[in-house]
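**Student:** Next up is a structure, given as structure tokens.
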């Protein structure tokens with residue numbers, strides 16, 4: 001007979017989740033650190049030892065000496081019984097070893113830490129709201145999406161103000177493209193002042209100044225913020241189209257801002273959406289050049305802007321710093337590069 005490691009009854013306490021999240025992960029790799037954390041589980045009554053169970057090992061019933069030889073089936077049966085008994089004994093001895101005890105403590109500690117992380121960063125209510133907001137693919141659907149959590153009158157007024165403000169801003173920007181530029185002070189033709197381009201350029205500066213992956217953790221973004229991001233993305237995608245009414249610079253800035261937002265959100269979905277947009281815009285430009293035989297500034301993006309975002313992505317992935325191993329788009333004399341080549345470089349990443 002041998003004594004097995006006593007089983008435990010687990011009961012996690014919710015108010016201790018924050019303390020477990022802050023535990024040093026390196027201490028789990030050492031046996032002493034695991035013992036300290038396991039003692040913490042026992043002290044907090046989150047792991048209660050159950051009574052030890054006594055395991056009686058009884059070997060197979062082998063036949064006594066007999067004159068007649070055993071058949072092959074009987075011999076095989078006795079051999080299987082002996083092997084099974086040896087396997088059970090080996091399992092018991094291994095599970096009662098110091099290594100098995102330390103391993104079991106480590107598993108329990110990891111289980112407690114993962115439970116704390118799951119409850120803190122994967123709240124079911126927030127996940128449902130995010131899924132509800134991301135399922136809306138069009139701007140009109142985003143405007144009518146309703147949060148599952150009950151809202152107060154103040155929240156409703158704030159949401160109404162933000163959404164109507166965005167709609168007004170989008171309308172003013174579209175109108176800015178349609179209107180001719182104001183005349184210069186000398187009475188000549190208007191300059192290159194464009195309200196929409198200035199606004200988008202300011203937004204690009206703000207997004208580029210953010211730390212990497214600032215918008216990646218959507219669980220910390222309120223549903224209204226996700227809806228606003230979806231509306232802005234839908235508007236910018238429309239701006240990049242040839243029939244949007246925007247000028248060449250406006251379409252270029254919109255594609256740069258879309259790429260910046262996609263990289264900040266840190267999701268493959270948004271990067272693939274940008275690649276799809278870039279390929280669609282490049283296809284339209286290619287068709288125009290074939291029909292008209294003209295070379296213009298369509299279908300381009302700022303080279304420095306694209307490379308800054310691409311290098312930021314490579315640094316976050318720990319890629320090699322040797323630029324000879326990287327695929328880069330061709331830079332024009334104006335400091336631009338093709339949307340098609342940029343999409344290919346991003347797709348290879």
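FYI, it's all coordinate maths here, none of it is from the lab. What you are looking at is a predicted structure, and each value in this text was computed from that prediction instead of being measured. With ideal geometry, Cβ positions are generated from the backbone for all residues, glycine too; neighbour counts draw on all protein chains shown.
**Student:** Among 337, 345, what is the fewest-to-most ranking by other Cβ atoms within 10 Å? All intermediate terms of the calculation are to be shown ahead of the outcome.
**Tutor:** Working: 337 22, 345 18.
Listed from fewest to most nearby Cβ atoms, that is 345, 337.
**Student:** Which ordering of 252, 104 is given by a fewest-first count of other beta-carbon atoms within 10 Å? Before the final figure, lay out each step's value.
**Tutor:** Values: 252 25, 104 16.
So the ranking, lowest neighbour count to highest, is 104, 252.
**Student:** For the stretch 1-51, what does the alpha-carbon gyration tensor say about shape, rounded, prolate or oblate, given a ≥ b ≥ c as the root eigenvalues, a/c under 1.5 as rounded, and a/b over b/c as prolate?
**Tutor:** Details: a/c = 3.42, a/b = 1.39, b/c = 2.47.
Oblate is the answer for the stretch 1-51, as a/c is 1.5 or above yet b/c matches or exceeds a/b.
**Student:** Could you work out the relative contact order of the stretch 213-288? I mean the mean sequence separation of Cα pairs under 8 Å and 6+ apart, divided by the number of residues, in percent. Before the final figure, lay out each step's value.
**Tutor:** Values: 53 pairs, mean separation 26.1, N = 76.
Reported as a whole number, the value is 34 percent.
**Student:** When the chain is fully extended, how far beyond the present Cα-Cα distance does residue 89 get from residue 107, taking 0.36 nm per residue of separation? Write out the running numbers ahead of the final one.
**Tutor:** Values: separation 18, 0.36 × 18 = 6.48 nm, distance 2.33 nm.
Here the answer is 4.2 nm.
**Student:** I would also like to ask the following. Calculate, in nm to one decimal, what residue 24 and residue 45 gain on full extension: separation in residues at 0.36 nm each, minus their alpha carbon distance. Walk me through the numbers before you get to the answer.
**Tutor:** Details: separation 21, 0.36 × 21 = 7.56 nm, distance 2.09 nm.
The span from residue 24 to residue 45 would gain 5.5 nm if fully extended.
**Student:** As a footprinting exposure proxy, order 99, 235 by other Cβ within 10 Å, with the fewest listed first.
**Tutor:** Fewest-to-most ranking of 99, 235: 99, 235.
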